[in-house]
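*Asks:* Handing you this structure, nothing more for now.
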Amino acid sequence: MTIKVAHIIDSGGFYGAEVMLLNLCQEQINQGLSVEVISIGLPGEPAKDLENKLTDHQIKVTAWRMKPLPDPREAIKIIRYCKSNNTDVIHSHGYKGNILLGILPKSLRKIPIVSTVHGYTQEKQFGKLFLYQIIDRVCLQRLDAVVIVSESMRQQIPTKTLSDKLYVVNNGLPDINQLQQSGNYNSLFKSDEMKIGTLGRFSFEKNFSLLIDAMRIVVKQFPRARLVIYGDGPLRHELQQQINQYELAQHIQLPGYLDNTPPFFAELDVFVNCSLTEGMPISLLEAMRQGCRIVATDIIANRCLLQSISCKTYLSTPVAEKLAENIIVALNESPEEVAAQKKSYQDTFREKFSSQLMARNYTEIYRKIKI
């Protein structure tokens, strides 16, 4: 019998969790599941990036607009909607869905609920989001299954109280040969430049200011080095000011959001992840899939991921001098070492981080909690 899944998410762009969800939906459909995404937003909010992406890929999406505070009446409406569609499993992605559905007693909702915890951003204590994160951790205990996207995330959630409801499913991406061309790509690099890149939301936890600081050191060693940071977010103005202050405008660009990422990863000499916190960094999986070498801050998620690679990797303490040192070492590797590293990255990706494996693991969880 076909399993009918309703994913629920309140997305804030098209970044790691959204990329993962799109890939999961595509692969679940390929494997015979019936899939719908309920996309939460504010009243009057236009179509979100994720909603447009899902529509472009012919994945059913329902735009669900509601007030920002969790409302049991809204949760009941979602449950009724899912029941009317004979949904077998609701799969929540993020604290909004977890809290909204977790406030309902199990006897009332009846449909099994899985939550994937993609990771918590670092927030100042007593802020609104910090409070939501505390409530989220409580609501997780009321759901039927909780999935973390890497072993490194065990410290972020109440593992003892979740006990046998806790699962680990690595995020996955489709193989490069399965990708559909999505938009144009115009390279910002010149052929003789050392090509350094990264991407993500311009927010505190992504820590791009550290990388900009490190570039002051890198360009002294490699005057033809160029860094391109794709993405957008609340810290754009501050990052651009930092670039201008360091007089690095000829070496660093912030071109905005990038839709078609594979060609970007394919041309890089080094991809840098300088985050302060991650769940399972999708950008590192994209780099691995392409055979793009990685320099990353030594946080638990990055370390766990890169330790799965058999060749030399580059982990750095979150200090500009150390990050720059690792970038310089990577750029100085011999062509033979570079080729060996690229092959090791791609082999590891195919073995452990494919979207096919991710979807199969989720289906096993669905079947288990449906029984």
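No value in this document is a laboratory result; all are computed from the given coordinates. Here the structure is a predicted model, which is why all the values come from computation and not from measurement. Glycine gets a Cβ as well: all are built from the backbone with ideal geometry, and neighbour counts include every protein chain shown.
*Asks:* What size of dipole, in debye to the nearest 20, comes out for the stretch 38-152 about its Cα centre when the only charges are +1 on Lys and Arg C-beta atoms and -1 on Asp and Glu C-beta atoms?
*Replies:* Numbers: 17 positive and 11 negative charges, 99 e Å.
With Lys and Arg at +1 and Asp and Glu at -1, about 480 debye.
*Asks:* Could you tell me the convex hull volume per residue, in Å³, taken over the Cα atoms of the stretch 178-352? If you can, show how the numbers build up before the last one.
*Replies:* Working: hull volume 19.5 nm³, N = 175.
Looking at the stretch 178-352, the number lands at 111 Å³ per residue.
*Asks:* Arranged from highest to lowest average of other beta-carbon atoms within 10 Å per residue, in what order do the peptides 100-106, 257-263 appear? Display every interim value, and only then the final one.
*Replies:* Numbers: 100-106: 18.1, 257-263: 15.4.
Listed from highest to lowest mean packing, they are 100-106, 257-263.
*Asks:* Select from T297, A249, V37 the residue farthest towards the positive end of the dipole of the chain; place +1 on Cβ of Lys and Arg, -1 on Cβ of Asp and Glu, and compute about the Cα centre.
*Replies:* Of the listed residues, the answer is V37.
*Asks:* Using a cut-off of 12 Å between beta-carbons, work out the net charge of the residues near R303 (Lys and Arg +1, Asp and Glu -1, R303 not included). Walk me through the numbers on the way to the answer.
*Replies:* Details: positive: none; negative: E151, E278, D298.
My count for the surroundings of R303 gives -3.
*Asks:* For the chain, with the dipole built from +1 on Lys and Arg beta-carbon atoms and -1 on Asp and Glu ones, taken about the Cα centre, which of I148, F353, Q307 lies farthest toward the positive end?
*Replies:* I148
*Asks:* If you count, for each residue, the other Cβ atoms within 10 Å and average over each peptide, how do 86-93, 29-36 line up from highest to lowest?
*Replies:* Values: 86-93: 22.0, 29-36: 15.9.
Averaged packing, sorted descending, gives the order 86-93, 29-36.
*Asks:* Going Cα to Cα from K370, which lysines come in below 27 Å? Please leave out same-chain ones fewer than 8 positions away.
*Replies:* K4, K60, K77, K83, K96, K106, K110, K160, K165, K352
*Asks:* Here's another thing I want to ask about it. Got a sec? How would T317, T2, T348 order by Cβ neighbour count within 10 Å, fewest to most?
*Replies:* Values: T317 11, T2 8, T348 19.
Least to most surrounded, the residues fall as T2, T317, T348.
*Asks:* Gain in length, Y257 to K312, computed as 0.36 nm per residue apart minus the alpha-carbon separation, to one decimal in nm? Kindly include the intermediate steps, with their values, before the conclusion.
*Replies:* On the way: separation 55, 0.36 × 55 = 19.80 nm, distance 3.07 nm.
Residue separation times 0.36 nm, minus the Cα-Cα distance, leaves 16.7 nm.
*Asks:* Just the number, please: Stokes-Einstein D of the chain in µm²/s, Kirkwood Rh from C-alpha pairs, 20 °C, 1.002 mPa s.
*Replies:* Details: Rh = 21.5 Å.
The diffusion coefficient I find is 100 µm²/s.
*Asks:* Given the C-alpha centroids of the stretch 280-334 and the stretch 41-68, what is the distance between them in whole angstrom?
*Replies:* If we compute the Cα centre of each part, the gap is 34 Å.
*Asks:* Show me 349-357, 6-14 ranked by packing, highest mean number of other Cβ atoms within 10 Å first.
*Replies:* On the way: 349-357: 17.4, 6-14: 20.9.
Per-residue Cβ counts within 10 Å, averaged per peptide and sorted highest first, yield 6-14, 349-357.
*Asks:* Once you charge only the Cβ atoms, +1 for Lys and Arg and -1 for Asp and Glu, what is the size of the charge dipole of the stretch 226-371 about its Cα centre, to the nearest 20 debye? Display every interim value, and only then the final one.
*Replies:* Values: 15 positive and 17 negative charges, 170 e Å.
My answer is approximately 820 debye.
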